[in-house]
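Below is one structure, written out as structure tokens, with a few remarks after it.
The values are calculated or read from the model by the stated rules, or taken from the named source; none is laboratory data. Bear in mind that the values here come from a model prediction, so they are computed numbers and not experimental data. Every residue, glycine as well, gets a Cβ built from its backbone with ideal geometry; the counts of neighbours run over all protein chains shown. Just so you know, the surface numbers come from the protein's heavy atoms only, side chains and all, with ligands and any DNA or RNA stripped out. Shrake-Rupley method; radii C 1.70, N 1.55, O 1.52, S 1.80 Å.
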Amino acid sequence: MRFLMLSLMLGACALAGCERAAAPQQDRPPPFVKTIAVHTSSEGQLGLSGTVRARVETPLAFQVGGQIAARRVDAGHRVAPGQALFELDRRDLEQGVRAAAADLAAADAALATALADLARARVLQQQRFTSAQALERFELAQREAQTRRDAAAARLAQARNALGYGQLLAPAAGVLIDVIGERGQVVLAGQMVATLAQDGERELELHFPQGVLPPASGDAVLADGTTLPLRLREIAGAVDPQGRTRRARYTVQAPQEALVLGMVLRARFAAMAQEAGEFAVPLGALNERGEGPRLWRVEEGRVRAVPVTVLGTDGETARVRGPLAAGDRIVALGTHLLGEGMAVRELDQ
């Protein structure tokens with residue numbers, strides 16, 4: 001009897017302890033979040049950062065394979081047209097020329113023999129000492145020898161060209177922005193060993209958000225506040241599937257010396273048409289979870305995900321388009337901690 005009563009008392013104590021431990025979990029209040037009211041984007045400008053690139057960037061490679069015997073340049077060097085950049089080991093190429101020359105000499109000798117045999121056959125046929133069929137065989141032998149000689153001459157020309165291809169020359173004046181070939185490296189024909197940024201126009205490469213058509217003109221802003229006019233030259237034919245952006249290149253109307261290859265410039269495009277459903281929000285309000293950017297709107301004390309399209313960023317704000325209305329309250333910070341339908345409390349503004 002005493003054992004039964006002791007067991008009942010222990011069970012009651014354990015149950016009371018569980019209830020006390022669970023009570024704080026049930027009574028925990030919703031977390032506080034900082035919210036702001038969205039407003040329409042009124043400035044009508046799109047700001048992006050771009051990279052200065054050369055109008056023509058040429059990957060350089062040998063037209064024949066072999067081992068690099070000499071490297072005469074480094075990245076950053078300015079080169080002139082026809083300047084030697086790399087050289088291959090020429091021994092195999094020279095042997096190829098000698099072999100092709102020997103084949104041509106043999107083909108010349110065979111052709112000379114075939115021509116002499118044909119001349120004798122014609123004399124004998126005129127004197128009725130041989131048949132017309134025999135003469136035709138000599139004519140066919142002569143044409144075959146001529147064909148073989150032409151093929152040998154072509155192979156010799158190819159071997160001489162290959163010997164010339166053993167030296168990689170600069171196709172134009174410019175700056176080497178990348179040099180990856182090294183002495184002793186064995187390369188294949190067409191394998192890139194350097195990249196040449198040719199002299200001439202400089203361009204600004206920008207990546208526009210999906211759904212935004214790159215404007216025809218704009219301005220590039222230098223560090224000192226100077227603006228340079230931009231003119232659209234090229235738009236990528238497809239949107240990048242990873243970044244969901246479209247690449248565009250703008251010609252920078254400025255002296256080449258004022259722009260350093262690879263430098264980052266800020267571009268702005270004014271007088272863009274304002275469309276319905278465009279809003280300005282803080283960058284911290286954007287949330288990306290592999291399904292595109294979204295905002296978290298507060299409705300009756302709970303948060304709901306709102307998918308949006310980012311049109312551009314400028315400083316600490318972003319221009320977005322989505323199913324919002326002016327005055328809607330969205331979470332401005334800590335969006336990575338939220339979940340659909342989660343209860344929250346707004347901080348006093």
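Inspect all residues belonging to segment 75-89 and state whether any of them is open to solvent by 30 Å² or more (accessible area, probe 1.4 Å) and touching a helix residue (DSSP H, G or I) at 6+ places or on another chain (Cβ under 7 Å). For segment 75-89, residues open to solvent by 30 Å² or more (accessible area, probe 1.4 Å) and touching a helix residue (DSSP H, G or I) at 6+ places or on another chain (Cβ under 7 Å): absent.
Do we have ALA145 as surrounded by fewer than 19 Cβ atoms within 10 Å (Cβ to Cβ) and not in a loop (DSSP other than H, G, I, E, B) here? So ALA145 fails the test. Apart from one condition, THR335 fits all of (1) closer than 16 Å to PRO31 by Cβ; (2) buried (at least 16 other Cβ atoms within 10 Å of the Cβ); (3) at pLDDT 85 or above; the exception is (3). Of the strands (runs of 3 or more DSSP E) entirely within segment 148-241, none holds at least 3 residues that are open to solvent by less than 20 Å² (accessible area, probe 1.4 Å), under 27 Å from PRO81 (Cα atoms) and of a type in the set (Lys, Arg). Of everything in segment 267-277 that is at negative phi and open to solvent by 10 Å² or more (accessible area, probe 1.4 Å), the residue that is modelled with the lowest pLDDT is ALA273.
The residue list LEU48, LEU104 contains one member that is in contact (Cβ under 8 Å) with a residue 12 or more places away in the chain, open to solvent by less than 50 Å² (accessible area, probe 1.4 Å), in a helix (DSSP H, G or I) and not polar (S, T, N, Q), which is LEU104.
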